[in-house]
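In what follows, a single structure is set out as structure tokens and then discussed.
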Amino acid sequence: MTKTNNSYPLQTINVGLESNSYSITIGASSLSSLGQLLLRKKCITNLRILVVTNVDVFLPYAEKIINSLKDQKIHVECLVIEEGEENKTQATIQHIHDAAFAHSLERGSTIIAVGGGVVGDMAGFAAATWLRGVGIIQIPTTLLAMVDAAIGGKTGINHPGGKNLIGAFHQPNLVLIDPSTLITLPQREFRAGMAEVIKYSIIGNPELLQCLEQLKDLSSLESINLNSLKAILRYSAQAKSQIVVADELESGLRAILNYGHTLGHVVETLTGYNTYLHGEAIAIGMVAAGEISIILGLWNETLQMRQKELLDKAKLPTNWPLLKIESVLECLQGDKKVQNEKVRFVLPTGLGKLVIKDDVSSQTIISALKKMT
Ligand code: NAD
Ligand code: GLY
């Protein structure tokens, strides 16, 4: 463990990839010593940095970061982009590239993303494509981005035909997680991030499962003490990075991160992306995957109940919404995870054990969803 300026200990997780290894550093109130950290860890190879952030996080956090970089004589410019998934477009990438050009970023320069997954995915994609790749540092400020989006190098934007259809793998030079940025995060966003945390506890981290089961309430930052929060962040980051290290480019194992996503995406799509947050839809999708597994004799009611209790403690939705079954089956066929025209489900078979199945019958899906309404 190392100490920041403010004497808060930093925890570090190493993402040991064959090339492009990097660390995930977790430390409360660490943003104001970012400049020193970057120089000490040799995360930057030249002193030109473009910070990309959005209006929600600029004032509380990005400004602190910019000042800490300036203190170290780093030449920094900041681009504040529009908030929201609807702006995860080519037009915003053009703005970031314009700012990179105006600030004369070179091959060895770095973009720093400060924000949730939307900012991180876009700044990462802009970094992957500017000069065929400049550095990217991820400073996530939502729970979802801290445990998922900022780790693993998936970057991208949306296409009118679907979410995240355009993208690139581009691993960051550093991920810096400062849990104190969650103070300003709306509670509903916090809960949505907790769905991904619960996902890791089911798909592969027993310590995380134990930690979550011991806590009475998972629905807000206030209900979790700082030590538990840091443990949750550490276990989740470890869970994701282990999977990424084993399968960086998603040729196999990494697909288990899509647990809950097959039917979760159906919920998001059929409700027009404006009723459920991604994490809320994933919560419903995990329960649905569990129900399918029970019908197939792969999972049992006790484990399903344990999963549901965690989701309930986070006040996440677990019932199947009123959606026409024909639309559900049709939407499944349009899923990004369809391979050779077969819908792929990631199904639980035990704690930390999953199977990928592409032969789940429509009847099984219908029965599982009926149980959830
Ligand atoms: P988001 O980035 O839209 O952030 C949610 C909201 O919270 C936004 O309004 C944002 O401005 C605001 N916000 C962020 N931090 C804040 C803070 N500390 N205080 C106050 N407000 C704050 O949403 P998200 O859930 O972080 O990310 C979702 C995106 O991440 C999606 O586009 C999804 O596709 C992507 N994603 C990517 C990966 C990956 O591996 N790259 C994984 C999961 C999700
Ligand atoms: N969020 C899924 C992945 O990173 O693979």
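The values are calculated or read from the model by the stated rules, or taken from the named source; none is laboratory data. What you see is a predicted model, and the numbers here were worked out from it, not measured in a lab. All Cβ positions, glycine included, derive from the backbone under ideal geometry; neighbour counts span all protein chains shown.
Before moving on, here are some points about what is shown:
- Residue that is nearest to ligand 1 (Cβ to nearest atom), among those in the stretch 240-251 that are in a loop (DSSP other than H, G, I, E, B) and in contact with a strand residue (DSSP E or B) (Cβ under 9 Å, 6 or more places away or on another chain): GLU250
- Among the candidates ILE93, ILE81, ILE111, residue that is at negative phi, under 21 Å from the mean Cα position of the chain (by Cα) and away from ligand 1 (no atom under 14 Å from the Cβ): ILE111
- Of all residues in the stretch 198-217, at least one satisfies being away from ligand 1 (no atom under 16 Å from the Cβ) and free of Cβ contacts under 8 Å to residues at least 24 places away in the same chain.
- Within the option set ILE65, ILE74, ILE81, ILE96, being surrounded by 13 or more Cβ atoms within 10 Å (Cβ to Cβ), touching a His at 6+ places or on another chain (Cβ under 8 Å) and closer than 23 Å to LEU38 by Cβ holds for one residue only, ILE81.
- Selection status of LYS88, of a type in the set (Lys, Arg), modelled with pLDDT under 95 and near ligand 1 (Cβ under 10 Å from one of its atoms): no
- Residue list for the stretch 218-239, filter: over 14 Å from LYS199 (Cα atoms) and away from ligand 1 (no atom under 15 Å from the Cβ): SER219, SER223, ILE224, ASN225, LEU226, ASN227, SER228, LYS230, ALA231, ARG234
- Single residue of the stretch 344-356 satisfying the filter (in contact with a strand residue (DSSP E or B) (Cβ under 9 Å, 6 or more places away or on another chain) and touching a residue at least 60 places away in the same chain (Cβ under 8 Å)) that is nearest to LEU303 (Cα to Cα): PRO348
- Scanning the stretch 145-159 turns up one or more residues that are within 15 Å of ligand 2 (Cβ to nearest atom), acidic (Asp, Glu) and at negative phi.
- For ILE356, the stated conditions do not hold, so it cannot be described as buried (at least 19 other Cβ atoms within 10 Å of the Cβ), under 24 Å from GLY252 (Cβ atoms) and of a type in the set (Val, Ile, Thr).
- Residues satisfying the stated conditions in the stretch 180-205, i.e. farther than 25 Å from SER30 by Cβ and at pLDDT below 95: GLY204
- Residue list for the stretch 269-291, filter: more than 18 Å from LEU257 (Cβ to Cβ) and of a type in the set (Val, Ile, Thr): THR269, THR271, THR275
- Sole residue being surrounded by fewer than 21 Cβ atoms within 10 Å (Cβ to Cβ) and more than 24 Å from TYR200 (Cβ to Cβ), chosen from THR318, THR275, THR349: THR275
- Output for the stretch 99-121, where each listed residue is over 23 Å from ALA149 (Cα atoms) and crowded, with 22+ Cβ neighbours inside 10 Å: LEU105
- Evaluating ALA237 against the criteria (1) outside any helix (DSSP H, G or I); (2) on the phi < 0 side of the Ramachandran plot; (3) in contact (Cβ under 8 Å) with a residue 60 or more places away in the chain leaves one unmet condition, (1).
- The set of residues in the stretch 232-252 being among the aliphatic types (A, V, I, L, M) and buried (at least 18 other Cβ atoms within 10 Å of the Cβ) consists of ILE232, LEU233, ALA237, ALA239, ILE243, VAL244.
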